[in-house]
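Student: This is the structure I want to talk about, given as structure tokens.
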Amino acid sequence: MAQKPSIPKGTRDFGPEEMAKRNYIFNTIKDVYALYGFEQIETPAMETLQTLMGKYGEEGDKLLFKILNSGDYLNKISDEELNERNSLHLASKLCEKGLRYDLTVPFARYVVMHRDELQLPFKRYQIQPVWRADRPQKGRYREFYQCDADVVGSDSLLNEVELMQIVDTVFTKFGIRIQIKINNRKILSGIAEVLDEADKIIDITVAIDKLEKIGLENVNAELKAGGITDEAIEKLQPILTMQGSNEDKLKTIEKVLESSEVGLKGVEETRFILDTLNSVGLNNEIQLDLTLARGLNYYTGAIFEVKALDTPMGSITGGGRYDNLTGIFGMPGLSGVGISFGADRIYDVLNTLELYPKEMLSSTQVLFINFGEKETAYCLPFIAEIRKSGIRAEIFPDKAKMKRQMNYANAKNIPYVVFAGEDEIEKGKLMLKDMQSGEQKLVTAKELIASVLK
């Protein structure tokens, strides 16, 4: 009995309709990246484990997919080593490569390897799959795409401004109403500093990050359980209960952080970004949110997160400023800022809100009906002509019953069908049928092209 085919857990097949939707997402993001001067790069699916290991912490290392060496990979392993069953030690000898875990570390490696060829600041975007040996669950896969854009080699806050404009432009094109949340790592450091709890910044930010989910009382209880003093918790209350405009919030936090140099620097940077965005104008709201805390061991300045307003979903885009991207590869001091669009979550949002353009889901615009050899021979030059005008056209390959050919057109959401029988051939024309309205009309090739393009 033949084995039933399957795919690995946490991976997916994408059919034609799904690919049309995904390409719509990727192409929209690519087009906007290009508008802002970003250039595309790609890196290999495989990286050396030397590049990947130790960059994501102990948990991250466990989630790396490792690739067995080619050939006799057991050749250099002794029986004693095999019997010890030390998986980490064996992996280091059996595997020299792994699948990339994200696009950031490969990008850092790329910048260091190609630094003499790059014009700084370097604005790159990258849309490729990544792999993580995580436990598959709803919305979490072992293979998924990231859509990253980064600017490296520039400290200017205009880069943050442009990235927020990119976010605003992309979601405006999608028709998704969003809220952009912004904070600054320096503000969070300043908060911990004025509370005299600088060594507990992670405990503080992890707790306040839950404010929306668990409420003020529970956040205060969690802070206390984490060893934060009552005095520090009391000082934190004006921040946790802040209301008003972005400027009102900045004035409140500025007062709280008046003794913290790093905190005031974060306020200054945030005010510049918000004021500049206000002057250029956004279609979507941007909100200062001091409970936002992303990647504290990674980001060093502005941090961003984007949420859809019309459907419950986690973050659909995020990013921020980092100061030492390439330091892990011996090239310290190269600052950068980046964002990443969550393609899979955007896909789900567009599906839920039914925002995909209908014409995008149809790959073929015109189907020519096959009545036989004579009619097909008559139609083929017309098909060639309309394809030259950019219209996607096909002819049904077999002389089949009309019902079957029409069902094919309906199943593929083809908007127009063309007939050519004896009458049409005699007149040198074609019969064009609009599948939505049911209207039929006799047309020349030029009239057909004009009707479809209209």
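Student: Residues in region 363-394, backbone N under 13 Å from the label point at Asn27 (7 Å along the Cα-to-beta-carbon vector): list them, ranges by number please.
Tutor: 363-365, 391-392
Student: Report the far tail of the P(r) of region 404-454, meaning the percent of Cα-Cα pairs longer than 16 Å.
Tutor: Roughly 41 percent, rounded to a whole number.
Student: Once label points are set 7 Å from the Cα along Cα→Cβ at both Glu58 and Ala20, what is their separation, rounded to one decimal in nm?
Tutor: Placing both labels 7 Å along Cα→Cβ, they lie 5.0 nm apart.
Student: Same structure, new question: Given +1 on the Cβ of Lys and Arg, -1 on the Cβ of Asp and Glu, and no further charges, what dipole in debye does the chain carry about its Cα centre, rounded to the nearest 20?
Tutor: 1880 debye
Student: With runs of 4+ DSSP H residues as the only contributors, calculate the mean residue ellipticity of the chain at 222 nm using -39,500 (n - 2.57) per run, divided by the residue total and rounded to the nearest 500.
Tutor: Helix contribution divided over all residues of the chain: -13000 deg cm²/dmol.
Student: Could you check how much of the accessible area of the chain is carbon and sulfur, as a whole percent, using a 1.4 Å probe?
Tutor: 49 percent
Student: Summarise the long-distance tail of P(r) for the chain by giving the % of C-alpha pairs beyond 37 Å.
Tutor: That tail contains 45 percent of the Cα-Cα pairs.
Student: Compute the whole-percent fraction of alpha carbon pairs in region 366-453 spaced more than 18 Å apart.
Tutor: Of all Cα-Cα distances in region 366-453, 37 percent exceed 18 Å.
Student: Toward the positive end of the charge dipole of the chain, about the Cα centre and with charges on Cβ (Lys, Arg +1; Asp, Glu -1), which of Ser78, Asn184, Ala393 goes farthest?
Tutor: Result: Ala393.
Student: For labels at Glu439 and Thr43 in the simple 7 Å Cα→Cβ model, what's the distance in nm?
Tutor: About 5.4 nm, to one decimal.
Student: Nothing charged except the Cβ atoms of Lys and Arg (+1) and of Asp and Glu (-1): what's the magnitude of the dipole of region 366-453 about its Cα centre? Round to the nearest 20 debye.
Tutor: Here the size comes out at about 280 debye.
Student: Helix 185-194 sits at what angle to the longest principal axis of the chain, using alpha carbons and giving 0 to 90 degrees rounded to 10?
Tutor: 20 degrees
Student: Quick one: Kirkwood hydrodynamic radius for region 147-284, alpha-carbon pairs, angstrom, one decimal?
Tutor: Roughly 16.6 Å, rounded to one decimal.
Student: So what are the radius of gyration and Dmax for the Cα set of region 84-136, in Å?
Tutor: 15.9, 50
Student: I'd like the orientation of helix 402-411 relative to the chain: the angle between its Cα long axis and the longest Cα principal axis, in ° from 0 to 90, rounded to 10.
Tutor: Long axis of 402-411 versus the principal axis of the chain: about 20 degrees.
Student: In square nanometres, what is the average projected area of the Cα convex hull of region 89-230?
Tutor: Taking the Cα atoms of region 89-230, their convex hull projects to 14.0 nm² on average.
Student: Let me ask something additional. Translational diffusion coefficient, Stokes-Einstein: compute it for region 212-298 using the Kirkwood radius over C-alpha pairs as Rh, at 25 °C and 0.890 mPa s, and state it as an integer in µm² s⁻¹.
Tutor: 166 µm²/s
Student: Here's something else I'd like to know. Using the reciprocal of the averaged 1/r over all distinct C-alpha pairs, how large is the Kirkwood radius of region 299-454 in Å?
Tutor: Kirkwood radius, region 299-454: 19.6 Å.
Student: Next up: So what J values fall out for region 232-244 if you push phi through Karplus, 6.51 cos²θ - 1.76 cosθ + 1.60 with θ = phi - 60°, rounded to Hz, Gly and Pro as x?
Tutor: Coupling constants for region 232-244: 5, 4, 4, 5, 7, 4, x, 6, 5, 10, 4, 10, x Hz.
Student: Then there's this: Would you calculate the separation in nanometres between label points at Glu447 and Lys251, each defined as 7 Å from the Cα along the Cα-to-beta-carbon direction?
Tutor: 6.9 nm
Student: With every protein chain kept in place and ligands, DNA and RNA left out, what is the accessible area per residue of region 60-198? Probe 1.4 Å, answer in Å².
Tutor: 48 Å²
Student: Tilt of helix 373-388 relative to the longest C-alpha principal axis of the chain, in degrees (0 to 90, nearest 10)?
Tutor: With both axes taken from Cα atoms, the answer is about 40 degrees.
Student: Shifting gears a bit: With every protein chain left in place, what is the accessible area of Ser315 in Å² (1.4 Å probe, nearest 10)?
Tutor: For Ser315, solvent-accessible area is about 30 Å².
Student: Averaging over all projection directions, find the projected area of the Cα convex hull of region 295-352 and quote it in nm² with one decimal place.
Tutor: Projected over every direction and averaged, the Cα hull of region 295-352 covers 4.6 nm².
Student: Counting heavy atoms of the protein chains only and a 1.4 Å probe, report the per residue accessible area for region 366-453 as a whole number of Å².
Tutor: 58 Å²
Student: Another question, then. Grab the Cα-Cα distance for Glu268 and Asn83, subtract it from 0.36 nm times how many residues apart they are, and report the gain in nm with one decimal.
Tutor: 60.6 nm
Student: What ratio of Cα Rg to 2.2 N^0.38 Å holds for region 314-380?
Tutor: 2.28
The values are calculated or read from the model by the stated rules, or taken from the named source; none is laboratory data. Everything numeric here is computed off the predicted structure, so don't read it as measured data. Every residue, glycine as well, gets a Cβ built from its backbone with ideal geometry; the counts of neighbours run over all protein chains shown. Ligands, DNA and RNA are stripped out before the accessible areas are found, and what is left, the full protein with its side chains, is counted by its heavy atoms. Shrake-Rupley method; radii C 1.70, N 1.55, O 1.52, S 1.80 Å.
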